[in-house]
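To keep things clear, I will list the structure first and then write my remarks on it.
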Amino acid sequence: MVDRNTDLSSRSQAPTELGKRAQVVVHSVTGPPGTPLARWLERNAPPYGKLRPLIGPFPRLVVRIADPDGVVADAARALPDGAAKPEALAVLVRRAGAELSWGEPEVLPDTATFVRLCHARGISSVELVRADPSLLTEMQLGAFFHAYWRQRVLRHAAARVPFALRRARGAAGLIGFAGDAAFWSGVRSAATKREWHRFTRSSYLVFYYHRIGDAVPAAHEHLNLEPRRFDAQLRLLRLLRFRPLSPEELIAFHTDQSGTLPPRRYVLAADDAVRDAVIALGRHAHLRPHVFVNTSVVGGSPWWSFGHRIADWDELRRFAAAGGVVASHCRDHPQLTTLDAASLSDQLEGSLRELEVQLSHVSPLFAYPHGLHDERVVSAVAAAGYEAAFTTEPGRNGAGTDVYCLRRIEVKNWDGYAALAWKTLTGELLPWPWERLRLRRRAARVGHPDGESAYVGADAGEGGD
């Protein structure tokens, strides 16, 4: 999981001496006191969607930056002027290690002014990311896939009719919708066809598992998948014309500044390298499935596998030779956010070295044990030589998703075709009322005395890894 307690922090390079001393104030916006605009903006609702990542845009619009120490003076001269330039400069200040704080917001006279500002920020964001493509993951422009599917659909529709929305007034919900639509209509008006496709169309899903095998214990069902259900998912993916994404294509998509993807791309992955899962995925090695292994327990039966054996090195080599991808899940299975620097380095760099010794080709990919990651861990993963890392946060991955905070969706043994279709088409967990009803029915069938509680934690985004 991810720690989102701070508003102004992000993964950064080592702070410069200037950055350590600098004090920089950023300013957002509000409306006249008591107005719907003021009430909506004061809720600090993220301007990009509810799937807030560890590394992403600021939680509020940035419209002005006070930089008395000149931390970003050179960058300011290099970037094009526009309504989103303060946001871009704030990102660069944050990366430099300067101390950021929120100042008094600027008061906008009315909702129409706010909507025009959002439209101008959309246009300006495209120009800024052209000048510095690295800004994408930390600006609102990179946040299209941080929103749930309904909001993404509305964005595509509303981006075609921007002017009718600029007059929106009244309810706070309508103000939020109008501002969001105006921003993306601005993006659409400024972006080339390829850029629009990269920002709002290109994405992929990552499905992950633990054990794939028969004789599933009820108590561990959230970590097990019967082969027949795995086969059902593969049939559904074929029926919906989804195509696998190789690790090379995945990394290229995130590193190529103009890279795009065809629709309906996916990755299969299994954490822990339990032997049953390696064998099951190995039967479909042409799909380039990923197996994330804890290198110190290869061939053993550690506590986190609940007695199931981990594949040995010969089995992993055969899996890789057939086309599968073997990557790192640490040496052991620690909570990385609790480790000191030396232990963290040993887990990350030691695992990569062990893979390089045992395998002829190693993909520089990583999956966080338990899904746990924070800024320090993400920086250590990048420093250890990994080129991408996967969390247990659900959602789709787009060009604006940070490559070290990639999302995945877990498939459960109790997922029927409807649930599989939902996860495949949206990349999201099932709506909670639907999931709660399914869990209660499932608990009744397996005779669990505690009703839904046997499964709530695993399917409520906590990550069962």
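Just a few scattered comments:
- The antiparallel fraction among DSSP beta bridges confined to the chain stands at about 15%.
- Unit charges on C-beta of K, R, D, E only; dipole of the range 204-459, Debye: 1300 debye
- Extension reserve of the S379-Y148 stretch, reckoned as 0.36 nm per residue once the Cα distance is removed: 80.4 nm
- Ellipticity at 222 nm from helices only: DSSP H runs of n ≥ 4 in the chain, each -39500 (n - 2.57), divided by the residue count, give -12000 deg cm²/dmol.
- For the range 17-200, the residue among H156, G70, A98 whose Cα projects farthest onto the positive side of the dipole built from Cβ charges is H156.
- Rg to Rh, two decimals, where the range 204-459 supplies the alpha carbon set and Rh follows Kirkwood: 0.95
- Dividing the convex hull volume of the alpha carbon atoms of the range 17-200 by its residue count gives 108 Å³ per residue.
- Note on L234 and W434: with the Förster distance fixed at 30 Å, the Cβ-Cβ geometry gives a FRET efficiency of about 0.80.
- Cα-centred dipole magnitude for the chain, charges only on beta-carbon of K, R (+1) and D, E (-1), debye, nearest 20: 2320 debye
- Distance between the modelled labels on R130 and K193, one decimal in nanometres: 1.7 nm (7 Å Cα→Cβ projection).
- Options A383, P334, L234, ranked by Cα towards positive dipole end of the chain, top entry (Cβ charges): L234
- Placing one equal scatterer on every Cα of the chain and applying the Debye formula, the log10 ratio I(q)/I(0) at q = 0.06, 0.09, 0.10, 0.13 Å⁻¹ is -0.28, -0.63, -0.77, -1.21.
- Value of Rg/Rh across the range 260-315 [Cα atoms, Kirkwood radius]: 1.08
- In this simple spin-label approximation, A252 and T113 carry label points 7 Å from Cα along the Cα→Cβ vector, and these lie 4.9 nm apart.
- The listed peptides 384-393, 305-314, ordered by packing as a protection proxy, come out as 384-393, 305-314 (highest mean of other Cβ atoms within 10 Å first).
- Counting only Cβ charges, +1 for Lys and Arg and -1 for Asp and Glu, the dipole size of the range 17-200 around its Cα centre is about 920 debye.
- For the pair R318 and W303, label points projected 7 Å from Cα toward Cβ lie 3.1 nm apart.
- For the listed peptides 319-329, 418-428, a ranking on the average number of other beta carbons within 10 Å per residue, highest first, reads 319-329, 418-428.
- Highest mean packing first, where packing is the average number of other Cβ atoms within 10 Å per residue, the peptides 114-122, 69-77, 84-92 line up as 84-92, 114-122, 69-77.
- At R0 = 45 Å, FRET efficiency that the Cβ-Cβ distance of A421 and A73 yields, to 0.05: 0.30
Values in this text are rule-based calculations from the coordinates and carry no lab data. Because the structure is a prediction, the values reported are computed rather than measured. We place every Cβ from the backbone using ideal geometry, glycine too, and count neighbours over all the protein chains shown.
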